[in-house]
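Laboratory data are not the source of any read-out in this text; all were calculated from the coordinates shown. Only a predicted model underlies this, so the values are computations on that prediction, with no experimental measurement involved. Cβ sites come from the backbone with ideal geometry, for glycine too, and all protein chains shown count toward neighbours.
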Amino acid sequence: MGWYGNGVDADYFSPGRGYDNPYPAGSEGIVFTGAMDDWPNVDAVALFAREVQPRLREARPQVVFYIVGSRPAPKVQALART
């Protein structure tokens, strides 16, 4: 019987490793991650997009809100238009 490695590549995911910034130059990214068909997450991103983001962007127009997750509900997909 053989064995299989089951772990994390500690070198690749090291906090000391330098990573390229994935966001456009001059922007400030806010990221929400989670299963986007789970109602608490859907509710949270909708509330943030509706209530918080507009006020935040008044003070910091460079802020961009990213929603990252699997199976986005229609309500989450509709946020792309805002």
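Cβ crowding within 10 Å, taken as a proxy for footprinting-reagent exposure, orders Asp11, Asp37, Asp43 from fewest neighbours to most as Asp11, Asp43, Asp37. Of the chymotrypsin sites (Phe, Trp or Tyr not before Pro) found in the chain, those that fall in a DSSP loop while having at most 16 other beta-carbon atoms within 10 Å are Trp3, Tyr4, Tyr12, Phe13, Tyr19. Label separation (Trp39 vs Ala10): 4.3 nm, computed from points 7 Å beyond Cα along the C-beta direction. Computed from the C-alpha gyration tensor, the three semi-axes of the ellipsoid equivalent to region 28-81 are 20, 11, 9 Å, from longest to shortest. Dividing the mean sequence gap of close Cα pairs (under 8 Å, 6+ apart) by how many residues region 8-82 holds gives a relative contact order of 40 percent.
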